[in-house]
Each structure stands twice: as structure tokens, then as C-alpha cells.
Amino acid sequence: MLSVYEGFFSGGARIVHSDIVLGLLEGGQDHRVLSVHGEVHREATRQRMEDDACYRSLTSAGVAVSSLGRVHGVSAAFTGEELAETARVTAAADVILSLKEQPLALLNQAGLPRRPVVVCLHRSDPENQGEALEELKAAIADGTVAACVCCAESTRAAYAAAGIPASLLHVIPNGVDLFRFRPDAARRVRLRAELGIPADAPVVVFAARYDGMKNVPLFVAAAGEFLRREPDGQVLMCGAGMTEANAALAAELGLGVGAVDRGRLHLLGVRRDMETVYAAADVVALTSAWGEAAPLCLIEGMMCGAVPVTTDVGDSAAIVTGHGIVTGWDPTEIAAAWMEAAARRGELAPILEASRERFSRTRMVASYAALIESVVSGGGVLTTGQRTAEDPLADKEMW
């Protein structure tokens, strides 16, 4: 197996996919990863491949990870040396997994060994993916795409509407490691003590990269309202770009929070211990405006005991319904929902606990393994006829 990444940088899709690779490795598959870029500059953060948590977890498990060494944002034609390296690693694979559609710009290059490609889709806005959607259509027309894995029903609907054949689209919902992501009183106490947060203070966590789709200005406005209305409230912001070094975020905080005590708003940047951050929180918040499919922060936060509060984007409402609160895009409404969610945390804890198996990493990895096996046993690209009653995912439970 070969997975091709656009690059290693902070984001839910890379976390999910890397976990899938590790799960497939545990199941006996041989796997390696090729990254198009060796360094990415985005979200006001320089992110080197070797510094990334996913890179470290993969290499620690024995997965071979290589890179073409490109710097993200520098556009140039692929060189002969880059194509030769790509040909070498693809020739050794039976099946290629493309993390989102962006790597297809490389995999569509002429002269590379032909291998069935499974494209893993993690957005609900193909129209905003630039030339990547056309690369996906070209790969399908060329006959190299065996399947597209959608992490959400909203992803399947959006790509079908964009012209991707429905017969290629399979839904495998995101899952997480339930041993890692669980309520943990010791972690809760430790992080709160580290940040100077009282044990009984209501805490809202926002885990996102600094990107337009995440609607950070709306979150900041809601945070300002929450901190004004809740004297003991605390807000945690973590992810790429969630630091004082990000001038754009600093400006938004100055406008949105104003005179509210900034000592109660904590900018944590990229964290490698999200299970601890979520365990310390009462509410996990999402204010995205578009693009989301099955947001990992909502699932991880819920599994750690934080009540999810989200705008209705992608499959977020389906994930949260019965476990938390879905809001509109008004900051006052969102702040009120955070306060309600924090107050109901004890009441909702048994419901969150009872739903854990639904969000299991084991279920997710098994579904990927079944689909990959169907591609391999089919001798390459699946035909429409092979994707009816024989679909290994046909009876899988979705959200």
C-alpha cells in the first residue's frame, strides 16, 4: 500500500488518514507514505514534515515516509527526478490511497506505473478545491480511480452533485482511538492547574487551524460574549495559527474580546496532547461556515466528555444531535448555547458514554480494509456492477 499526501501539516484529515495507515499496518498490510511537500507555510505557521505529529507517529511505527521535498505554495512543473521517485514508490504498491484529491496532480502525470487509486475525500465543498476537482475527474476518466472514500454523507452528496459518479462514492465515517480519547479526571486537573483555571470553571475549547472556513471571527465574537456573560468562564484556542504570533488573530481578538480579561482566553497553538485539552474542557465548539464534513474535533471532544456545540455544516448536525447543541451563526446565540452545554455536561455524560462505539477507530479501519481488499481482489479498478450488492460497505452503519 502507498498513501500520497499533499504534505504534513496540522489538520483533521491528516490525523484521520495517518491513524488509518497505522490501523492497516496493525492488521498486517505493508504501507508507506509519500509526501509531495516537505515543508508547508500556512495558518501563519511554518510546518516542517519532520516536526509533524503524524509524521512522527508513522515513522515510530515503522512506516517508511519519504518526500519530494517541495515547499507548499511554490508552483512548478514536476521534475524528472520527482517523477522518477514517484514511479519507484508507486511501482512497489498494489493500491494507492490519495489523501484528498490534491495529490492527483502528481499521480495523473504521464508515464507513472498504473495502479488502482482510492481517493480519500474529507471536505463537503469540492467547488472550493481549485484545480483538484478537475484532477479527480481526469483520473476517473482515465480509469485509475477504483473508489472514493467519503468521510461523511455530506461529502458524498457534494461530490455526486459536482459530477463524480455515485457508484464510486463510499461513505466511511471518521472514528477515533477510544482508549486515547476518553474522560480522564487526572488529565483534566493537570491541564487546568497548568493554565491556572479553577476546577469548577466552565471551559470552552476551539480546536481548529486558522482558516476562513473555520469562521474564527465568529468564534471570537461568541467568546467575547461568553466571557462577558460568564464571569468564571475560560476559553481555549488551539491549532495552527492560534498563537499571539498570528497578527491577524491578535487583531481579531482585540476587536472581539475588547476589555474582557484576556487572562481567561488561552492561545495554545498546535498541541500533541489533544486528549488532555478536551478532557479539561466542558464544551467543544465549532463555528465553521463551509467545507466541513465530519469534523474530528467534535468527535474527539465528545469522546473525552466535552459537550459539542456546532453550526450546521457538513455532517456536524448529524454527529451532534442527541449529544449536544446545533446553533445558528449569531454570536449571542452561540455563547448562550455554550453556557447551556456546560451546565448540562453531567446530564449528557451518560449519553456521550453510550455512543462511544459509534465513533470507534476499529470500525473505521475495518471498513477501509474491506474496501481495499475489494479493490485488490477485483484485480484493479472496480466496475459499476461490482459496486452493488457486493459492496463491502453496503451494510455499514453510518451516522
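The values are calculated or read from the model by the stated rules, or taken from the named source; none is laboratory data. On a predicted model such as this, the values are computed, not experimentally measured, just so you know. Glycine gets a Cβ as well: all are built from the backbone with ideal geometry, and neighbour counts include every protein chain shown.
Among the candidates 14, 32, 46, 56, which residue alone is among the basic types (Lys, Arg) and touching a Phe, Trp or Tyr at 6+ places or on another chain (Cβ under 7 Å)? The unique qualifying residue is 14. If we scan the stretch 130-142, do we find a residue that is aliphatic (A, V, I, L, M) and not in a helix (DSSP H, G or I)? Checked the stretch 130-142: no residue is aliphatic (A, V, I, L, M) and not in a helix (DSSP H, G or I).
In the stretch 346-372, of all residues being within 30 Å of residue 234 (Cβ to Cβ) and within 19 Å of the chain's Cα centre (by Cα), the one that is surrounded by the most Cβ atoms within 10 Å (Cβ to Cβ) corresponds to 359.
Flag set for residue 102, criterion: part of a loop (DSSP other than H, G, I, E, B), of a type outside the set (Ser, Thr, Tyr), touching an Asp or Glu at 6+ places or on another chain (Cβ under 7 Å) and surrounded by 16 or more Cβ atoms within 10 Å (Cβ to Cβ).
Taking the numbered list (1) over 17 Å from residue 205 (Cβ atoms); (2) of a type in the set (Asp, Glu); (3) modelled with pLDDT of 95 or more in turn, residue 391 passes all entries but (3). Taken together, the residues in the stretch 129-165 that are aliphatic (A, V, I, L, M), within 18 Å of residue 116 (Cβ to Cβ) and touching a residue at least 24 places away in the same chain (Cβ under 8 Å) amount to 9.
On the basis of being buried (at least 24 other Cβ atoms within 10 Å of the Cβ) and assigned by TED's automatic domain parsing to the domain that holds residue 69, does residue 124 make the cut? The answer is yes for residue 124. Remark: pairs (first residue in the stretch 206-234, free of Cβ contacts under 8 Å to residues at least 24 places away in the same chain; second residue aromatic (Phe, Trp, Tyr) and not in a loop (DSSP other than H, G, I, E, B); Cβ separation under 9 Å; 6+ apart in sequence or on different chains) are absent.
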